[in-house]
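S.K.: Please read through the structure below; I'll follow up with questions.
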Amino acid sequence: MYRTKYCQEISSADVGERVNVCGWVQKQRDLGSLIFVDLRDRSGIIQLAFDETTKKEIFDIAFTLRSEFVVQASGIVRSRGEAVNANKATGAVEIAVDELKVLNTSLTPPFEIVENSDTKEELRLKYRYLDLRRPDLKNNIVLRHKIAKLARDYYDENGFLEIETPTLVRSTPEGARDYLVPSRVHPGTFYALPQSPQLYKQLLMVSGFDRYMQIARCYRDEDLRADRQPEFTQIDLEMSFADEDDVMSVNERFIQRVFKEFCDADVELPIRRMSYEEAMDKYGSDKPDLRYGFELINVTDALRGCGFKVFNSAIEDGGSVRCINLKGYADSFSRKEIDKLQDFVKTYRAKGLAWAKYSAELTSSFAKFMTEEELGKLYGAAGFEKGDLLLIVADSNPTVVFDSLGALRCHVAKHLGLDDKKKFCFVWITSFPMFQWDEEEKRYVAMHHPFTAPKDEDLHLLDTDPSKVRAKAYDIVLNGWEMGGGSVRIHRRDVQSKIFDIIGITKEEADEKFGFLLEAFKYGAPPHAGMAFGLDRLVSLVIGLDAIRDCIAFPKVQNACELMTECPAPVPQNALNDLKIKLDLE
């Protein structure tokens, strides 16, 4: 046998036993009459020992071993006596090797295979097969497997059936851009890779499979961020005869199990719920980080008619003035650092950042433009007192105020070290707007997707004021990251047709693109609801990663390329000819 035990399975209980191990040489230490080799496999590291009792031909082979050689070793497990390495799980034992084979040699790797490598990410991704040998990255991939397995087990226990849906689907409007796949058999036509299994899982509900789940691969041709990839995996599910409470209940118990199993954290149920309106008003974001305070304070009324033109003009133009009060942190930011905060909010389209700092003395960027009475109203509304730092944004566009201050509160919290990755603050965000206005296209678009049901009490607004309609949608947010989301779905043909009409999809287009769904609704579609977790994001949050790339075996980079295989890449002209495709790259 190549192997009888993994390296890290060997312990003091095996002393005197013969074992076979295989793996990669982490390090070889030549001490003259002694040679020690750290052998690494998926599980960890074991020390191989070669001494005066070792056969000469075996000792000579050990002398030639270099980093990343692939070897098989056999020998007797023995105690390391007083030479115990307490920093290693196998540090109390070693293998006295009497048989050794070099299964393959290795070039010197372009970087050292060690935990927490400081090698540039571009180089590590080019040699990802080497990068994945690093223990920390390997452990991330193992944990991802375990979370996916737990998901399958949990949903199976709760009556869900895992059903695969197609990955070659029809391209449909709305959402991100599709990745298109040309058909050779039907020239001039295209499949799309699914952005989600949304329509198929709804049709499964019509089919009577009342609890569905899938570890689903999804594809979106959109700009990448730290928490986005062009291809990703989600834990996808749908339930018939279910409402928002049913979906939230079954899924927060899943969350509770995951974080207990892998973080030993007790998630208190039920998880807090917060409306979209409250989240935006208090935190400037529908993904609020609740590990710290710094809530947004609306000081518009206190500043109405004041002498400072920046504030007053924003108010008169229908905007608002809001602030965050960093209570007790006045001395934590120098003037230079405050100037950097001004540059930060400008990246969110804010024109500037007004501030007041009350440390040994009170200083501000705007006091000279206002009366003592006006300042008193502002400071009173903001709860501003000695030791505080007040950061204020004013704009005629409320979205700019929310976006800039929402991002700023997270930015300063990170600066202050308040973003503890071992602290888990979950919240459901609910009652999202059903629609948002697209200024470029001059039409409403669905805030989530066009298959989300409006709240029953808002149905009458579909005809009179769509902007006020709220959706039966919900997102689960952890520490400022959207971990998953879903909604109650539309199951009535008339309501679905109305939503298509509001977002500018004509009856003809709806019949062409979604006729199969509308037809299915004629045959007894049950009420249904569902959601999906981003598996990559869930794993990242459990581990405490800053980017999801480090829990994906072969991720893409910012421009959607894979550095290792250098894809996407051109294809031969004859392949394009088969597909009846002619390139025009001018």
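The values are calculated or read from the model by the stated rules, or taken from the named source; none is laboratory data. Computed from a predicted structure; not experimentally measured. Here Cβ is always computed from backbone atoms with ideal geometry, including for glycine, and neighbour counts include all displayed protein chains. Note: areas computed on protein heavy atoms with side chains; ligands, DNA, RNA excluded. Shrake-Rupley method; radii C 1.70, N 1.55, O 1.52, S 1.80 Å.
S.K.: Name the residue that is nearest to MET564 (Cα to Cα), counting only residues in segment 89-145 that are aliphatic (A, V, I, L, M) and assigned to a helix (DSSP H, G or I).
M.R.: At the first step, the residues of segment 89-145 found to be aliphatic (A, V, I, L, M) are 89, 92-93, 95-97, 100, 102-103, 107, 113-114, 123, 125, 130, 132, 137, 141-143.
Next, only the ones that are assigned to a helix (DSSP H, G or I) stay: 123, 125, 130, 137, 141-143.
Details: LEU123: 9, LEU125: 6, LEU130: 11, LEU137: 16, ILE141: 18, VAL142: 21, LEU143: 23 Å.
The extreme case among them is LEU125.
S.K.: Is there any pair with a first residue in segment 561-586 that is surrounded by 10 or more Cβ atoms within 10 Å (Cβ to Cβ) and a second that is at pLDDT 95 or above and among the aliphatic types (A, V, I, L, M) whose Cβ atoms are under 6 Å apart and which are 6 or more apart or on different chains, and what are they?
M.R.: From residues that are surrounded by 10 or more Cβ atoms within 10 Å (Cβ to Cβ), the pairs are LEU563/LEU125.
S.K.: Do you know which of the residues in segment 213-248 that are open to solvent by less than 20 Å² (accessible area, probe 1.4 Å) and free of Cβ contacts under 8 Å to residues at least 60 places away in the same chain is nearest to TRP481 (Cα to Cα)? Even if it seems obvious, please write down each step before you answer.
M.R.: Initially, segment 213-248 is screened for residues open to solvent by less than 20 Å² (accessible area, probe 1.4 Å), giving 213-214, 216, 218, 224, 229-230, 233-240, 242, 247-248.
Checking the rest, the ones that are also free of Cβ contacts under 8 Å to residues at least 60 places away in the same chain come to 214, 218.
On the way: GLN214: 22, CYS218: 19 Å.
Applying the filter and picking the extreme gives CYS218.
S.K.: So the check is Cβ under 6 Å with 6+ separation or different chains; which pairs have a first residue in segment 328-351 that's part of a helix (DSSP H, G or I) and a second one that's hydroxyl-bearing (Ser, Thr, Tyr)?
M.R.: ALA330/TYR358; ALA330/SER359; ASP331/SER359; VAL345/SER404
S.K.: Return the total of residues in segment 281-294 being more than 21 Å from the chain's Cα centre (by Cα) and either assigned to a helix (DSSP H, G or I) or free of Cβ contacts under 8 Å to residues at least 40 places away in the same chain (or both).
M.R.: Residues in segment 281-294 being more than 21 Å from the chain's Cα centre (by Cα) and either assigned to a helix (DSSP H, G or I) or free of Cβ contacts under 8 Å to residues at least 40 places away in the same chain (or both): 3 in total.
S.K.: Continuing with this model, one more query. Can you pull out every residue in segment 49-67 that is over 16 Å from LYS27 (Cα atoms) and in contact with a strand residue (DSSP E or B) (Cβ under 8 Å, 6 or more places away or on another chain)?
M.R.: Answer for segment 49-67, where residues must be over 16 Å from LYS27 (Cα atoms) and in contact with a strand residue (DSSP E or B) (Cβ under 8 Å, 6 or more places away or on another chain): ASP51, THR53, THR54, LYS55, ILE58.
Residues checked against (1) touching an Asp or Glu at 6+ places or on another chain (Cβ under 7 Å); (2) among the hydrophobic types (A, V, I, L, M, F, W, C); (3) closer than 21 Å to ALA525 by Cα; (4) modelled with pLDDT of 95 or more:
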site: LYS138; (1), (2), (3), (4): no, no, no, yes
site: LYS146; (1), (2), (3), (4): no, no, no, yes
site: GLU162; (1), (2), (3), (4): no, no, yes, yes
site: THR165; (1), (2), (3), (4): no, no, yes, yes
site: ALA176; (1), (2), (3), (4): yes, yes, no, no
site: ASP210; (1), (2), (3), (4): no, no, yes, yes
site: ILE215; (1), (2), (3), (4): no, yes, no, yes
site: ASP227; (1), (2), (3), (4): no, no, no, no
site: ASP236; (1), (2), (3), (4): no, no, yes, yes
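S.K.: Go through segment 434-458 residue by residue and tally those that are at pLDDT 95 or above, open to solvent by 30 Å² or more (accessible area, probe 1.4 Å) and within 21 Å of ILE505 (Cα to Cα).
M.R.: Final tally of qualifying residues: 0.
S.K.: Identify, please: which residue in segment 311-345 is farther than 17 Å from GLU385 by Cα and open to solvent by 80 Å² or more (accessible area, probe 1.4 Å) and is, among those, farthest from the chain's Cα centre (by Cα)?
M.R.: The extreme case among them is GLU316.
S.K.: Follow-up. Report, ordered by the first and then the second residue, all pairs with beta carbons closer than 9 Å, sequence separation of six or more or different chains, a first member in segment 32-56 that is over 13 Å from THR90 (Cα atoms) and among the hydrophobic types (A, V, I, L, M, F, W, C), and a second member that is in a loop (DSSP other than H, G, I, E, B) and open to solvent by 10 Å² or more (accessible area, probe 1.4 Å).
M.R.: Every condition considered, the pairs that remain are LEU34/ASP51; LEU34/GLU52; ILE35/ASP51; ILE35/THR54; ALA49/LEU34; ALA49/ARG80; PHE50/LEU34.
S.K.: Within segment 108-125, is there a residue that is of a type in the set (Phe, Trp, Tyr), more than 30 Å from GLU252 (Cα to Cα), touching a residue at least 12 places away in the same chain (Cβ under 8 Å) and open to solvent by less than 60 Å² (accessible area, probe 1.4 Å)? Working first, answer last.
M.R.: Restricting attention to segment 108-125, the residues satisfying the condition of being of a type in the set (Phe, Trp, Tyr) are 111.
If we keep only those that are more than 30 Å from GLU252 (Cα to Cα) too, we end up with 111.
Filter once more, so that each one left must be touching a residue at least 12 places away in the same chain (Cβ under 8 Å): 111.
From the residues that got through so far, the ones that are open to solvent by less than 60 Å² (accessible area, probe 1.4 Å) too are 111.
The answer is yes; a qualifying residue exists.
S.K.: Then there's this: Return the pairs, sorted by first residue and then second, in which the second residue is of a type in the set (Asp, Glu), the first residue lies in segment 377-396 and is in a loop (DSSP other than H, G, I, E, B), the beta carbons are less than 7 Å apart, and the residues are 6+ apart or on different chains.
M.R.: SER396/ASP317
S.K.: Continuing with the same structure: Scanning for something open to solvent by 60 Å² or more (accessible area, probe 1.4 Å) and among the hydroxyl-bearing types (Ser, Thr, Tyr), does segment 386-397 turn up at least one residue?
M.R.: Step one: filter segment 386-397 for residues open to solvent by 60 Å² or more (accessible area, probe 1.4 Å), giving 386.
Within this subset, residues satisfying the condition of being among the hydroxyl-bearing types (Ser, Thr, Tyr) are none.
Looking for residues that are open to solvent by 60 Å² or more (accessible area, probe 1.4 Å) and among the hydroxyl-bearing types (Ser, Thr, Tyr), one finds none in segment 386-397, hence no.
S.K.: When the residues of segment 141-154 are narrowed to those that are farther than 30 Å from TYR179 by Cα and touching a helix residue (DSSP H, G or I) at 6+ places or on another chain (Cβ under 9 Å), which ends up surrounded by the fewest Cβ atoms within 10 Å (Cβ to Cβ)?
M.R.: From segment 141-154, those farther than 30 Å from TYR179 by Cα are 150, 153-154; that's our starting set.
If we keep only those that are touching a helix residue (DSSP H, G or I) at 6+ places or on another chain (Cβ under 9 Å) as well, we get 150, 154.
Numbers: LEU150: 15, TYR154: 19.
Step by step, filter segment 141-154, then rank; the result is LEU150.
S.K.: Assess whether ARG152 counts as being out of contact with any strand residue (DSSP E or B) (no Cβ under 6 Å at 6 or more places or on another chain) and either under 22 Å from GLN229 (Cα atoms) or of a type outside the set (Gly, Ala, Ser) (or both). Write out each step before concluding.
M.R.: Details: out of contact with any strand residue (DSSP E or B) (no Cβ under 6 Å at 6 or more places or on another chain): yes; either under 22 Å from GLN229 (Cα atoms) or of a type outside the set (Gly, Ala, Ser) (or both): yes.
Answer is yes for this residue.
S.K.: Can THR172 be described as among the hydroxyl-bearing types (Ser, Thr, Tyr), on the phi < 0 side of the Ramachandran plot and at pLDDT 95 or above?
M.R.: Numbers: among the hydroxyl-bearing types (Ser, Thr, Tyr): yes; on the phi < 0 side of the Ramachandran plot: yes; at pLDDT 95 or above: no.
Answer is no for this residue.
S.K.: When you look at TRP428, is it buried (at least 16 other Cβ atoms within 10 Å of the Cβ), among the aromatic types (Phe, Trp, Tyr) and assigned to a strand (DSSP E or B), yes or no? Break it down stepwise before answering.
M.R.: Working: buried (at least 16 other Cβ atoms within 10 Å of the Cβ): yes; among the aromatic types (Phe, Trp, Tyr): yes; assigned to a strand (DSSP E or B): yes.
Here the answer is yes, as TRP428 does meet what is asked.
S.K.: Let me ask you something else. Hey, could you check segment 505-522 for residues that are touching a Ser or Thr at 6+ places or on another chain (Cβ under 8 Å) and free of Cβ contacts under 8 Å to residues at least 40 places away in the same chain and say which is most open to solvent (accessible area, probe 1.4 Å)?
M.R.: So in segment 505-522, the residues touching a Ser or Thr at 6+ places or on another chain (Cβ under 8 Å) come out as 507, 510, 513-514, 518.
Those still in the list that are free of Cβ contacts under 8 Å to residues at least 40 places away in the same chain too: 507, 510, 518.
Values: LYS507: 139, ALA510: 6, LEU518: 5 Å².
Within segment 505-522, the match that is most open to solvent (accessible area, probe 1.4 Å) is LYS507.
S.K.: Search segment 408-422 for residues being assigned to a loop (DSSP other than H, G, I, E, B) and at pLDDT 95 or above, and hand back the single one that is nearest to LYS260 (Cα to Cα). It would help to see each step written out before you state the result.
M.R.: Kept after step one, since they are assigned to a loop (DSSP other than H, G, I, E, B), are these residues of segment 408-422: 416-422.
Checking which are at pLDDT 95 or above leaves us with 416-418.
On the way: LEU416: 28, GLY417: 25, LEU418: 23 Å.
Ranking the qualifying residues of segment 408-422, first place goes to LEU418.
S.K.: Kindly provide the set of residues from segment 464-482 that are acidic (Asp, Glu) and free of Cβ contacts under 8 Å to residues at least 24 places away in the same chain, ordered by number.
M.R.: Our first condition is that a residue be acidic (Asp, Glu); within segment 464-482, this holds for 465, 475, 482.
Of everything in segment 464-482, just one residue is acidic (Asp, Glu) and free of Cβ contacts under 8 Å to residues at least 24 places away in the same chain, namely ASP465.
S.K.: Hey, could you check segment 486-504 for residues that are open to solvent by less than 20 Å² (accessible area, probe 1.4 Å) and not β-branched (Val, Ile, Thr) and say which is farthest from ILE271 (Cα to Cα)?
M.R.: PHE500
S.K.: Please work out which residue is surrounded by the most Cβ atoms within 10 Å (Cβ to Cβ), limiting yourself to segment 352-373 and to residues that are among the hydroxyl-bearing types (Ser, Thr, Tyr) and part of a strand (DSSP E or B). Walk me through how you get there before you give the answer.
M.R.: Of segment 352-373, the ones among the hydroxyl-bearing types (Ser, Thr, Tyr) are 358-359, 363-365, 371.
Imposing the further condition that a residue be part of a strand (DSSP E or B) reduces the set to 358, 363-364.
Details: TYR358: 17, THR363: 13, SER364: 19.
If we take residues in segment 352-373 being among the hydroxyl-bearing types (Ser, Thr, Tyr) and part of a strand (DSSP E or B), then SER364 is surrounded by the most Cβ atoms within 10 Å (Cβ to Cβ).
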